[in-house]
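K.L.:
Just passing along the structure, written as structure tokens.
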Amino acid sequence: MTDIDPPPSPDGPTDLLIDGTREEVVACLDRIGAADAEARRRALRAIRDVASEDPSVFDGLADPLASFLTDEGRAVRLTTAKLFVTLADSEPGVVLPVVDPLAERLADEEEFYYVRARCAEALGYLGRDSPESVSDPEILADFRIGLSFDEPEVKEKLAKALECVALGDPSRLRHQVESLAEHLDDDEELVRYHLCTALTAIGCEHPAKLAPGRDALAARLSDDDEDPHVRGRAAEALGLLTRVSDERGTVSPAIGTDDDEFVRSRVAFLQETHDDSPVDRDDRVGTLESIRDGTEKAVDAMRTPDEYECPHCGVALPDGGLPMCPNCGSPR
């Protein structure tokens, strides 16, 4: 017989996160790391749920949690990356110590692309709230270069990360306008939207720097991009550019009668550069503050409302479709 208590279950760390000491939580994470793959995945999902409700309890825990970014289980790595996305969005200071591990996962071409996408998203949130934390040129290069060849899911998050960097410090990407504008015709509407938003953010502080992207932005209007949020951001960026250039009147705001308010208010902003008299528009359009406040709402409006997350591999799937996960083959 022994008086030693059995160790806590590896899949029950949530109480310790709320009430335990850091040492107790770290010890629990060590036990989770030694458990089987399913227990590790289950435990990380529970930890992620806590992060959604109270991210402040994770202060000082980024380093031990980052060890799961290199876990042999792909679902564990993906769940961990999603955990860091949640924390970076709501409590970015907690994630700052693990910028390098996140960047390493993003740069690893052998890594599962969903993991890389989520690491890019987490880094983007850090760049939005702590611009100096992603100042490494290699990180920014990984964001940009992947737009040319990566999987659509990764490109979306890379474009979002670039948007976040521009929102955090518009000066960081002011010399990258041409390379970003090259991808404004991407097949994925969210890629187009995030990049148009990044360019608009740059234009709020450096409008003249948008000149190399003028034609690509104008194409979003003249080609009548199917998404109103893309068209609206393109009009907003062009409105910023034409206010400081000699190109007044060269981009026709012919879609000013568009039924979508997001487009109408931004075309009105562009239209002011064509008319001598002011037009009725939202005075906040064309400001960094309005972009920061409104971009998440725009993305929410663009996204498919219902998603299903595979309980086995953690991949987000659209509602409906096949009766099994196309990634791991598990029943839905």
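K.L.:
Within the stretch 20-65, work out how many residues are in contact (Cβ under 8 Å) with a residue 24 or more places away in the chain and polar (S, T, N, Q).
P.N.:
The total comes to 2.
K.L.:
Of the numbered conditions (1) modelled with pLDDT of 95 or more; (2) closer than 22 Å to V244 by Cα; (3) assigned to a helix (DSSP H, G or I), Y193 fails exactly one; give the number of that condition.
P.N.:
Unmet condition: (2).
K.L.:
Tell me which helices (runs of 4 or more DSSP H) are completely within the stretch 217-332 and hold 3 or more residues being touching a Phe, Trp or Tyr at 6+ places or on another chain (Cβ under 9 Å) and at pLDDT below 90, or say none if there are none. Steps first, answer last, please.
P.N.:
Values: elements: 228-242, 261-271, 288-302.
Filter on the stretch 217-332 gives 288-302.
K.L.:
Can you tell me which residues in the stretch 110-138 are under 21 Å from C328 (Cα atoms), of a type outside the set (D, E, K, R) and in a loop (DSSP other than H, G, I, E, B)? Let's see the steps before the verdict.
P.N.:
Pass one, the stretch 110-138, residues under 21 Å from C328 (Cα atoms): 110-119.
Imposing the further condition that a residue be of a type outside the set (D, E, K, R) reduces the set to 112-115, 117, 119.
Within the stretch 110-138, F112 is the sole residue that qualifies.
K.L.:
What number of residues in the stretch 139-187 are in a loop (DSSP other than H, G, I, E, B) and in contact with a His (Cβ under 7 Å, 6 or more places away or on another chain)? Give the steps one after another, and end with the answer.
P.N.:
The initial filter retains those residues of the stretch 139-187 that are in a loop (DSSP other than H, G, I, E, B), namely 149-151, 169, 174-176, 182-187.
Then drop every residue that is not in contact with a His (Cβ under 7 Å, 6 or more places away or on another chain), which leaves 174.
Residues meeting the conditions: 1.
K.L.:
Search the stretch 66-90 for residues being over 26 Å from E163 (Cβ atoms) and without any contact (Cβ under 8 Å) to a residue 60 or more places away in the chain, and hand back the single one that is surrounded by the most Cβ atoms within 10 Å (Cβ to Cβ).
P.N.:
Step by step, filter the stretch 66-90, then rank; the result is V76.
Conditions tested, residue by residue: (1) crowded, with 21+ Cβ neighbours inside 10 Å; (2) under 20 Å from F262 (Cβ atoms); (3) touching a residue at least 24 places away in the same chain (Cβ under 8 Å); (4) not β-branched (V, I, T).
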position: A166; (1), (2), (3), (4): yes, yes, yes, yes
position: P170; (1), (2), (3), (4): yes, no, yes, yes
position: T197; (1), (2), (3), (4): yes, yes, yes, no
position: A219; (1), (2), (3), (4): no, yes, yes, yes
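K.L.:
Can you run down the residue pairs with Cβ atoms below 6 Å, 6 or more apart or on separate chains, where the first is in the stretch 146-164 and within 14 Å of L180 (Cα to Cα) and the partner is assigned to a loop (DSSP other than H, G, I, E, B) and not charged (D, E, K, R)?
P.N.:
As it stands, the answer is L147/H183, since those pairs meet every condition given.
The values are calculated or read from the model by the stated rules, or taken from the named source; none is laboratory data. Everything quoted here is computed from the prediction, not taken from an experiment. We place every Cβ from the backbone using ideal geometry, glycine too, and count neighbours over all the protein chains shown.
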